[in-house]
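> Before we start, here is the structure in question, set down as C-alpha coordinates.
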Amino acid sequence: MSKFDIIIEPIITEKSMADMEHNKYTFKVKKTATKPEIKSALESIFGVEIERVNTMHVRGKLKRQGATSGYRASWKKAIITLKDSSKPIEFFEGLN
(Lines give C-alpha, C1' and ligand atoms only; values in the text may rest on other atoms or scores of the structure.)
Protein backbone atom coordinates (compact mmCIF):
# COMPACT_ATOMS: atom_id res chain seq x y z
CA MET A 1 0.00 0.00 0.00
CA SER A 2 1.40 3.36 -1.07
CA LYS A 3 1.64 6.28 1.33
CA PHE A 4 -0.63 8.24 -1.02
CA ASP A 5 -3.30 5.51 -0.76
CA ILE A 6 -3.51 5.87 3.03
CA ILE A 7 -4.41 9.58 3.13
CA ILE A 8 -7.68 10.20 1.25
CA GLU A 9 -8.37 13.90 1.85
CA PRO A 10 -8.07 16.67 4.44
CA ILE A 11 -11.17 17.54 6.45
CA ILE A 12 -11.91 21.26 6.41
CA THR A 13 -14.53 22.31 8.97
CA GLU A 14 -14.82 25.11 11.50
CA LYS A 15 -13.59 22.82 14.27
CA SER A 16 -10.61 21.54 12.27
CA MET A 17 -9.63 25.14 11.41
CA ALA A 18 -9.77 26.08 15.10
CA ASP A 19 -7.60 23.05 15.97
CA MET A 20 -4.89 24.27 13.55
CA GLU A 21 -3.93 26.92 16.13
CA HIS A 22 -2.95 24.03 18.43
CA ASN A 23 -0.93 22.22 15.69
CA LYS A 24 -3.72 19.68 15.05
CA TYR A 25 -4.74 18.66 11.52
CA THR A 26 -7.61 16.37 10.49
CA PHE A 27 -7.60 13.89 7.58
CA LYS A 28 -9.90 11.26 6.14
CA VAL A 29 -7.86 8.06 5.91
CA LYS A 30 -8.25 4.51 4.63
CA LYS A 31 -10.36 2.37 6.99
CA THR A 32 -7.67 -0.30 7.33
CA ALA A 33 -4.79 2.14 8.02
CA THR A 34 -3.03 1.91 11.39
CA LYS A 35 -1.63 4.78 13.44
CA PRO A 36 2.04 4.03 12.54
CA GLU A 37 1.14 3.84 8.83
CA ILE A 38 -0.71 7.16 9.01
CA LYS A 39 2.20 8.78 10.87
CA SER A 40 4.86 7.62 8.42
CA ALA A 41 2.73 8.54 5.38
CA LEU A 42 2.08 12.11 6.59
CA GLU A 43 5.70 12.62 7.68
CA SER A 44 6.99 11.60 4.26
CA ILE A 45 4.34 13.47 2.23
CA PHE A 46 4.46 16.81 4.07
CA GLY A 47 7.91 16.62 5.70
CA VAL A 48 6.66 17.32 9.24
CA GLU A 49 7.33 15.79 12.67
CA ILE A 50 4.26 14.18 14.23
CA GLU A 51 3.89 13.83 17.98
CA ARG A 52 0.58 11.94 18.17
CA VAL A 53 -2.06 10.32 15.94
CA ASN A 54 -5.66 9.90 17.15
CA THR A 55 -8.09 7.90 15.02
CA MET A 56 -11.82 7.32 15.11
CA HIS A 57 -14.39 5.45 13.05
CA VAL A 58 -17.26 7.58 11.76
CA ARG A 59 -20.49 5.65 11.13
CA GLY A 60 -22.45 6.31 7.97
CA LYS A 61 -25.64 8.33 8.31
CA LEU A 62 -29.09 7.14 7.31
CA LYS A 63 -30.34 9.09 4.29
CA ARG A 64 -33.96 8.94 3.18
CA GLN A 65 -35.80 10.21 0.13
CA GLY A 66 -39.45 9.31 0.60
CA ALA A 67 -39.85 5.54 0.60
CA THR A 68 -36.23 5.02 -0.50
CA SER A 69 -33.58 4.88 2.19
CA GLY A 70 -29.92 3.94 2.50
CA TYR A 71 -26.74 4.62 4.40
CA ARG A 72 -23.72 6.71 3.54
CA ALA A 73 -20.45 4.81 3.77
CA SER A 74 -18.63 4.60 7.10
CA TRP A 75 -15.11 6.08 7.16
CA LYS A 76 -12.09 6.68 9.37
CA LYS A 77 -10.82 10.04 10.64
CA ALA A 78 -7.30 10.80 11.87
CA ILE A 79 -6.37 13.85 13.94
CA ILE A 80 -2.61 14.40 14.01
CA THR A 81 -0.73 16.61 16.46
CA LEU A 82 2.55 18.11 15.28
CA LYS A 83 5.57 18.55 17.52
CA ASP A 84 6.31 22.11 18.65
CA SER A 85 9.58 22.03 16.70
CA SER A 86 7.84 20.97 13.46
CA LYS A 87 6.95 23.32 10.64
CA PRO A 88 3.23 23.70 9.80
CA ILE A 89 1.65 21.91 6.84
CA GLU A 90 1.68 24.35 3.89
CA PHE A 91 -1.49 22.87 2.36
CA PHE A 92 -3.59 24.43 5.13
CA GLU A 93 -1.80 27.80 5.30
CA GLY A 94 -4.05 29.76 2.90
CA LEU A 95 -7.31 28.38 4.29
CA ASN A 96 -7.52 30.46 7.48
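The values are calculated or read from the model by the stated rules, or taken from the named source; none is laboratory data. Since the structure is predicted, the reported quantities are computational estimates derived from the model, not experimental observations. With ideal geometry, Cβ positions are generated from the backbone for all residues, glycine too; neighbour counts draw on all protein chains shown. Ligands, DNA and RNA are stripped out before the accessible areas are found, and what is left, the full protein with its side chains, is counted by its heavy atoms. Shrake-Rupley method; radii C 1.70, N 1.55, O 1.52, S 1.80 Å.
> How many residues, within segment 1-49, are aliphatic (A, V, I, L, M) and more than 13 Å from the chain's Cα centre (by Cα)?
Total meeting the criteria: 4.
> Return the residues of segment 60-80 that are within 15 Å of the chain's Cα centre (by Cα) and not aromatic (Phe, Trp, Tyr); say none if nothing qualifies.
Once the filter is applied, which keeps residues that are within 15 Å of the chain's Cα centre (by Cα) and not aromatic (Phe, Trp, Tyr), segment 60-80 yields Ser74, Lys76, Lys77, Ala78, Ile79, Ile80.
> Are there strands (runs of 3 or more DSSP E) fully within the chain with at least 3 residues that are open to solvent by less than 80 Å² (accessible area, probe 1.4 Å)? List them.
24-29, 50-58, 75-82
> Could I ask something else about it? Filter segment 66-93 down to the residues that are in contact with a Ser or Thr (Cβ under 8 Å, 6 or more places away or on another chain) and either farther than 30 Å from Gly47 by Cβ or of a type in the set (Phe, Trp, Tyr) (or both) and list them by number.
Result: no residue meets the conditions.
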